[in-house]
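Every number here is computed from the coordinates shown, using simple stated rules; none is lab data. Here the structure is a predicted model, which means the values were calculated and not measured. Reconstructed Cβ throughout: ideal geometry from the backbone, glycine too, with neighbour counts over all protein chains shown.
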Amino acid sequence: MNQLELEKQLQDLPLGAIRYFDSITSTNDEAASWIKAEVPHLALVVADEQTAGRGRGGRKWYTPAGSALAFSLVLRSEKQISQLLKYQNTARLNGLGALAVCQTLQKELKLPAQIKWPNDVLVNGKKLSGVLAEAHWIGNELAAVALGIGINISGASLPPEDWDTLNPHPFPATSIETALGAPVNRWELLHSILEELLTWRKLISQPEFLQAWDSRLAFRGQWVQVFSPGMGTSIKIGKILALEEDGALQLQEESGEVISLRAGEIHPSPPVVGGYHLRPVDSSEN
Ligand code: BT5
């Protein structure tokens with residue numbers, strides 16, 4: 001791929017501008033500097049390789065050359081997006097990215113994709129894609145959001161064991177070609193995902209969006225453990241009920257109390273039995 005070919009591939013989409021890199025630190029970094037320099041709405045940064053791809057909370061995202069999709073779409077401050085961020089909460093935007101990937105995998109490749117709240121896409125219970133929505137503010141005003149998406153295409157995109165020392169017990173990973181057992185054209189796939197993104201973006205404040213996201217929620221009705229870096233070592237365990245209006249996840253704790261989560265990482269957990277939480281002995285905090 002190169003700049004001209006990518007522009008040709010995506011020419012029918014209403015994108016603001018496109019920047020292609022064979023290798024870059026992180027497409028979200030490039031989007032962030034572009035945002036400081038008057039980026040057009042719906043500008044797109046795409047890279048074949050990321051040398052410092054990022055997840056949430058300083059975690060790493062693995063993107064070796066020739067194996068994955070890594071891109072960031074810039075959503076400029078529109079009324080709709082600003083309103084969504086009135087609680088300074090990017091949950092719905094993470095949901096937008098994950099939903100677009102899920103819809104494409106399902107429609108184009110018949111892969112049974114689900115969204116592991118808040119920002120992962122799973123196929124066959126393994127992580128295939130991650131979303132990192134980063135809001136950029138000038139004072140109290142939202143300048144833009146960089147919606148970064150990483151998708152594993154070939155088996156070579158799977159992170160090696162012990163690769164992320166900050167997260168020694170990562171969620172199991174897969175790639176599209178591993179799940180499908182056949183090769184795919186990643187640039188055609190990028191086109192389809194962007195189409196979905198642009199369509200759902202317009203609906204992001206609507207109930208249809210929340211319903212579509214909710215209907216793809218992984219582990220609904222199941223017990224999960226929640227690891228939250230902001231909460232130190234404490235771990236919550238609960239049964240997933242539903243999504244809330246602002247994208248928070250509703251969990252019912254063993255006591256029956258319903259709580260709302262606005263950040264965190266969920267892993268499936270065995271059910272609570274006789275008042276004791278059963279969970280794998282090797283589970284640890286992320
Ligand atoms: C994410 O964070 O899953 C968000 C990933 C967003 C990546 C995109 S690529 C384009 C744009 N530019 C960037 O720099 N980032 C965005 P989180 O939920 O925090 O998960 C991070 C964890 O996922 C890591 O700690 C690893 O354990 C695991 N991981 C890293 N690379 C992976 C991969 N390729 N496949 C599956 N899991 C991976």
Once normalised by the length of the stretch 1-53, the mean sequence separation of its alpha carbon contacts under 8 Å that are 6 or more apart gives a contact order in percent of 45
Calc'd 3J(HN,Hα), the stretch 44-57, phi into Karplus 6.51 cos²θ - 1.76 cosθ + 1.60 (θ = phi - 60°), Hz, glycine/Pro = x, comes to 10, 10, 10, 9, 6, 10, 10, 8, 9, x, 10, x, 7, x
Most exposed to least, judged by fewest other Cβ atoms within 10 Å, SER215, SER72, SER255 sort to SER255, SER215, SER72
Subtracting the Cα-Cα distance of ALA37 and LEU13 from 0.36 nm times their residue separation yields 6.4 nm
Under the rule rounded for a/c under 1.5, else prolate if a/b exceeds b/c, else oblate, using alpha carbon gyration tensor axes a ≥ b ≥ c, the stretch 12-53 is classed as oblate
To the nearest 20 debye, the chain has a Cα-centred charge dipole, built from +1 on Lys and Arg Cβ and -1 on Asp and Glu Cβ, of 400
Trypsin sites (Lys or Arg not before Pro) in the stretch 92-125 lying in a DSSP loop, each with at most 16 other Cβ atoms within 10 Å of its Cβ, come to LYS110
Residue-normalised 222 nm signal for the chain, counting each DSSP H run of n ≥ 4 as -39,500 (n - 2.57), nearest 500 deg cm²/dmol, is -7500 deg cm²/dmol
Between ILE259 and THR165, Cβ-based FRET efficiency (R0 35 Å, step 0.05) works out to 0.70
Computed over the chain: longest principal axis from alpha-carbon atoms vs helix 27-36 long axis, angle to nearest 10 degrees, is 60
Here the longest stretch of the chain that holds no GluC sites (Glu not before Pro) in a DSSP loop having at most 13 other beta carbon atoms within 10 Å is 39-160
Taking 0.36 nm per residue of separation between ALA52 and GLU108 and subtracting their Cα-Cα distance, the length gained on full extension comes to 17.2 nm
Once phi for every residue in the stretch 99-111 is put through the Karplus expression 6.51 cos²θ - 1.76 cosθ + 1.60 (θ = phi - 60°), the whole-Hz ³J(HN,Hα) values, with Gly and Pro written as x, are 5, 4, 5, 4, 4, 5, 4, 5, 6, 7, 10, 6, 8
